[in-house]
1. Residue by residue, what Karplus-based ³J(HN,Hα) values in Hz, rounded to whole numbers, does the stretch 256-266 have, using 6.51, -1.76 and 1.60 with θ = phi - 60° and x for Gly and Pro?
2. Can you give the log10 of the normalised intensity I(q)/I(0) at q = 0.12, 0.16, 0.19 Å⁻¹, computed with Debye over equal Cα scatterers of the stretch 114-234?
3. So which helices of the chain fit the span-like rule, where a helix is a whole DSSP H run, its Cα atoms reach 27 Å or more along the axis, and its mean Kyte-Doolittle is at least 0.5?
4. Explain nothing, just the number: dipole magnitude of the chain about its Cα centre with +1 on each Lys and Arg Cβ and -1 on each Asp and Glu Cβ, in debye rounded to the nearest 20.
5. List the residues whose amide H sits under 5 Å from the amide H of residue 195, counting only those 5 or more places along or on another chain, with H placed 1.01 Å from N in the peptide plane.
6. Grab the DSSP H runs of the chain that are 4 residues or longer, score each as -39,500 (n - 2.57), total them, divide by all residues and round the 222 nm result to the nearest 500 deg cm²/dmol.
7. Tell me, what is a quarter of the convex hull surface for the C-alpha atoms of the stretch 252-341, in nm² with one decimal?
8. Counting Lys and Arg as +1 and Asp and Glu as -1, each charge on the Cβ, what is the dipole of the stretch 182-275 about the Cα centre in debye, to the nearest 20?
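Just so it is clear, none of the values below were taken in a lab; they were calculated from the coordinates. In this text, all values refer to a predicted model and were calculated from it rather than measured experimentally. Quick reminder, even Gly has a Cβ in these numbers, built from the backbone with ideal geometry, and neighbours come from all protein chains shown.
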Amino acid sequence: MFSDCQERRKEFKYLELINWSVQFMSTLHWERLLSYHSTQIIQKKLEKCYQKIKHENSSGLSYDNCYRFIYFLKHGENFFLQANQSPHAIQPILLFYGISQLLKACLLIKDPYYPSTSSVLAHGASSRKRKKQQYQFLKDEIKVQRNGLFSHVAKELFHLHDHLEAEKFSMELLLNQVAEMKDVFMFHQAKTNHVKVDTTGLYQVILTDATAQHFHMSAERLSEHLTEKYQLQKVKNAEDHILLQTQYTNHTFHCAPFLFHIDEKTFYLPNNRESFINLPELLVHYLLLYNLSMISRYETEWWYELLLGVSNDDYPIILRYMEVAKRKIPYFILVFLEEHM
């Protein structure tokens, strides 16, 4: 009993330390995002974006959307800042609505008429009905719907189209797409779920035979597999390694199936090919927070038993994930805006 109390105190102290770190890093990202709160500069930037994608009346559209863009951005920030000051019980709701607002701001860069139809206003995902007995969060699944914000963002921001419709993802698979969770799974499951990969100073991924051996392939074969299935291209083939890079200027933004660790500034791969998914991490966070927000809203009994009872691994895994989401989502939004505006 005494040992259990000690472990709980250690966990709470660690979460307090993480929370301080999260607030510090998030503040830096929000401060940089303040530059996007000027209608004067945003109108000019939006007009250039619309001219680039050859929209008629780019000047008028940019004027109409500059205020909406700033309001979406500010509303999302308020949700995130409020989440830092709120009990864990309601944080998933605040974070989900926060990421939704931030994504709507990003959408206005690519789709000046958003929302053009009511079909894009839905969440775009659904969670399965939960069994009251023996429910395990990590085994829970979420399903992608044909219409809604999720699929619209996938199409407009990441050029991902119909192949995501009706896809199902388990919470464990999605959490394993977040590199910062690797230590959590190591501690609670005593297994290594990720393989570190080296990069150049330009964030180009270096594939070596030593890395490829984890997947029972040569570096050449692994590079072929990755370039065929994901938005990657081979930029150099040397004797002892192969260089890959994404189609984005900032390779941290969408580098699937590689995973960017924001604290280490390094990249990882899931340690088995079954965990390779072509899903940008922003959308991974959207699905995770959607499901957690649904649990918080509609599975109140299970949710409070988890938070107050701290009886299984779901508790620290979920809380650690939310702390990661608080600092990583604004980082990805900032990266997207800096690259596209």
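1. 3, x, 6, 10, 8, 9, 5, 7, 7, 6, 10
2. -0.69, -1.07, -1.19
3. 91-110
4. I would put it at about 680 debye.
5. Those qualifying (amide H under 5 Å, at least 5 residues apart or on another chain) are 269, 271.
6. Computed mean residue ellipticity for the chain: -18000 deg cm²/dmol.
7. Values: hull surface 29.0 nm².
About 7.2 nm², averaged over all directions.
8. On the way: 9 positive and 11 negative charges, 41 e Å.
Taking the Cα centre of the stretch 182-275 as origin, the dipole is about 200 debye.
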